[in-house]
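The values are calculated or read from the model by the stated rules, or taken from the named source; none is laboratory data. Only a predicted model underlies this, so the values are computations on that prediction, with no experimental measurement involved. Note that each Cβ is placed from the backbone with ideal geometry, even for glycine, and that neighbours are counted across all protein chains shown.
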Amino acid sequence: NAGVTQTPKFRVLKTGQSMTLLCAQDMNHEYMYWYRQDPGMGLRLIHYSVGEGTTAKGEVPDGYNVSRLKKQNFLLGLESAAPSQTSVYFCATIRTPTNTGELFFGEGSRLTVL
Amino acid sequence: QKEVEQDPGPLSVPEGAIVSLNCTYSNSAFQYFMWYRQYSRKGPELLMYTYSSGNKEDGRFTAQVDKSSKYISLFIRDSQPSDSATYLCAMSGGDSSYKLIFGSGTRLLVRP
C-alpha cells in the first residue's frame with residue numbers, strides 16, 4: 001500500500017499562475033487535511049475535509065481552494081500564486097481523530113513561487 | 001499569541017544524553033496530546049500519544065502531560081544520533097477535536 005501520495009513533489013511557479021496539488025490515500029480514511037510548513041511557523045492547517053463532498057477552512061485558508069469529490073482524493077488549488085505561498089505542503093489523513101490521534105502524512109510537496 | 005508554543009531550538013546534545021522537549025498551550029479544552037517526529041525532507045510520523053494528564057512510556061521515550069500547568073514534555077533517554085530530527089508537539093480537543101494544532105517544532109541534533 002502507498003498510504004498517502006502527493007503529486008507533484010516539486011514545483012516552481014511564477015506569480016499569478018495557478019496549479020493544483022493532488023493528495024491520494026488508499027487507507028479508506030474519512031478525514032483529510034492540507035497543512036503548510038514554513039520555518040519557525042510549524043504546521044498550519046489550510047483546509048480540511050471530514051468526508052467525501054465536504055470541505056472546511058482551517059487556520060490559513062486565504063488564497064487556496066479545495067475539493068473532495070472522491071473519498072480517496074483531496075485537491076488543493078492555488079488560483080493565482082503569490083510568493084507568500086512558497087512553502088512545503090503536506091497532506092494528512094486520519095481514520096477517526098479521537099482515538100490514537102495518528103495522522104498519516106504524505107512526503108510533502110515543495111512549492112516555490114517566483 | 002499562538003495556541004501552542006514550542007521552542008524551535010536547535011538543541012544539540014552528546015550521544016547518550018537525556019533530552020527534554022517541551023510545549024505549552026493555552027486552550028484548556030485540549031485533551032489529546034501527541035508528539036510527532038520529522039526527519040529532514042520527510043512527513044511527520046507519530047511518536048507518542050497521550051490522552052488527558054499523566055505519563056506514558058515507550059522504550060526510551062516518555063511523554064508527560066500536566067493539564068493544570070498546560071505543559072507537555074517528551075523525554076528521550078540514552079539519545080542516539082538517529083534521534084536527530086525535528087520534534088513537533090500536537091494537540092486537539094473541545095471544538096477542535098478533529099483538527100490537530102501543532103507547535104512549531106524543536107530541531108534536535110544528537111552528536112556522536
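Okay, here's what the table says:
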item	result
Close pairs from the range B:33-49: first without any contact (Cβ under 8 Å) to a residue 12 or more places away in the chain, partner of a type outside the set (Gly, Ala, Ser), Cβ under 6 Å, at least 6 apart	B:Gly43/A:Phe90; B:Gly43/A:Phe105; B:Gly43/A:Glu107; B:Glu45/B:Arg37
Residue check for B:Gly9: assigned to a loop (DSSP other than H, G, I, E, B), under 23 Å from A:Arg36 (Cβ atoms) and small (Gly, Ala, Ser)	yes
Looking only at the range B:14-45, and only at residues there that are among the aliphatic types (A, V, I, L, M) and over 10 Å from the mean Cα position of the chain (by Cα), the one that is farthest from A:Thr96 (Cα to Cα)	B:Ala17
One residue from A:Gln37, A:Gln17, A:Gln72 being among the polar types (S, T, N, Q) and within 11 Å of chain B (Cβ to nearest Cβ)	A:Gln37
Matching strands (runs of 3 or more DSSP E) fully within the range B:45-112 where at least 2 residues are of a type in the set (Phe, Trp, Tyr)	B:45-51, B:71-76
Qualifying residue in the range A:13-34 (condition: in contact with a His (Cβ under 6 Å, 6 or more places away or on another chain), at negative phi, modelled with pLDDT under 95 and surrounded by 17 or more Cβ atoms within 10 Å (Cβ to Cβ))	no
Residue that is nearest to A:Cys91 (Cα to Cα), among those in the range B:23-59 that are within 8 Å of chain A (Cβ to nearest Cβ) and basic (Lys, Arg)	B:Lys42
